[in-house]
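The block underneath contains the structure these notes are about, expressed in structure tokens.
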Amino acid sequence: MTRIKICGITSIEDALAAVDAGADALGFNFAAGPRKIAPSLAREMIAQLPPFVTVVGVFIGEDPTIAAIADGCGVQVIQLHGGESEGFASSLSPRPIIRVIHASDAGAIEAIPSHASASAILLDTSIAGKLGGTGRTFDWDIAVRAKEYGKPIILAGGLNPVNVAAAVAKVGPYAVDVASGVESSPGKKDYRLMKEFVRNVRALD
């Protein structure tokens, strides 16, 4: 079964609607951007989530407060958006780590073996100045080749209810990750789009 992560959650209403739609995981962005939230707000929201929903904290850089924020908020999985050393990533163990690779070209995935501590690799679109939520896809053939490295692949980048079924059919990823593709505006989720996104993924399962 393809797992579904809905990222960039900014309100408890959106969080519960995403869960109701069938999301397996929710992403909370602690890095700069339109979906950034304060740890105090994330803690309040995460405390209200039902069981069996995986909570992912999105971070960038070798910030020494990452572990404390994750533990204080109830984050279960840490997503690192690039530039962090393998030594830093492994220091966050035993928390599962998702490493992000911006798939600008086929050569980008050659970095996968260097992320030995990663539990999964998230492939996203490469756009200067943006960490994610770009609304643009990349060449999914790169994601197909990335699976050869043996790490679970999370497909992101421009996914939406219209194209997600084709993406899953082509790549067969461990999971898909969506943010802007199910929003009415940056950081505000559209409940109809979330349900449609999940339904179109599940139709292939």
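We did not get these values from a lab; they are worked out from the coordinates using the rules stated. Remember, it's a predicted structure, so these values are computed and weren't measured experimentally. Cβ: placed from backbone, ideal geometry, glycine included. Neighbour counts: every protein chain shown.
First select every other residue whose beta carbon is under 12 angstrom from the beta carbon of K188; then total the charges, Lys and Arg +1, Asp and Glu -1.
With Lys, Arg at +1 and Asp, Glu at -1, the neighbours total -2.
For a test of the definition: using alpha carbon positions, the gyration tensor, and the 1.5 limit on a/c, classify the range 3-202 as rounded, prolate or oblate.
oblate
Quick one: if you stick a label point 7 Å off each Cα along the C-beta vector at A108 and R136, how many nm between them?
Label at A108, label at R136, 1.0 nm between them.
How would you rank V53, V77, V162, going from fewest to most other Cβ atoms within 10 Å of each one's own Cβ?
V162, V53, V77
Which shape class applies to the range 15-55: rounded if a/c is under 1.5, otherwise prolate when a/b exceeds b/c and oblate if not, where a ≥ b ≥ c are the square roots of the Cα gyration tensor eigenvalues?
prolate
Treat the count of other C-beta atoms within 10 Å as a stand-in for reagent exposure and order F88, F52, F28 from fewest to most.
Lowest to highest Cβ neighbour count: F52, F88, F28.
Could you give the length gained by full extension between S91 and A47, i.e. 0.36 nm per residue of separation minus their alpha carbon distance, to one decimal place?
Gain on stretching S91 to A47: 13.3 nm.
Which of I142, I98, I12 comes first, and how do the rest follow, when ranked by fewest Cβ neighbours within 10 Å?
Listing I142, I98, I12 from fewest to most nearby Cβ atoms yields I12, I142, I98.
With +1 on each Lys and Arg Cβ and -1 on each Asp and Glu Cβ, and nothing else charged, work out how big the dipole of the chain is about its Cα centre, in Debye to the nearest 20.
Its charge dipole is roughly 360 debye.
Indicate, rounded to the nearest 5 percent, the antiparallel portion of the DSSP beta bridges found entirely in the chain.
10
Return the whole-Å distance between the Cα centroid of the range 170-205 and the Cα centroid of the range 143-158.
17
Taking H placed 1.01 Å from N in the peptide plane, check which residues at least 5 places from E84 or on another chain put their amide H under 5 Å from its amide H.
Excluding prolines and chain starts, which carry no amide H, the hits are G61.
Mind giving me the nanometre distance, one decimal, between the label points for R199 and A116, set 7 Å out from Cα along Cα→Cβ?
If labels sit at R199 and A116, their model points lie 4.7 nm apart.
What net charge is computed for the residues neighbouring A18, neighbours being all others with C-beta under 14 Å from the C-beta of A18, Lys and Arg scored +1, Asp and Glu -1?
0
Using the Cα centre of the chain as origin and beta-carbon charges of +1 (Lys, Arg) and -1 (Asp, Glu), tell me which of A116, Q76, L159 is placed farthest towards the positive end of the dipole.
Of the options given, the answer is L159.
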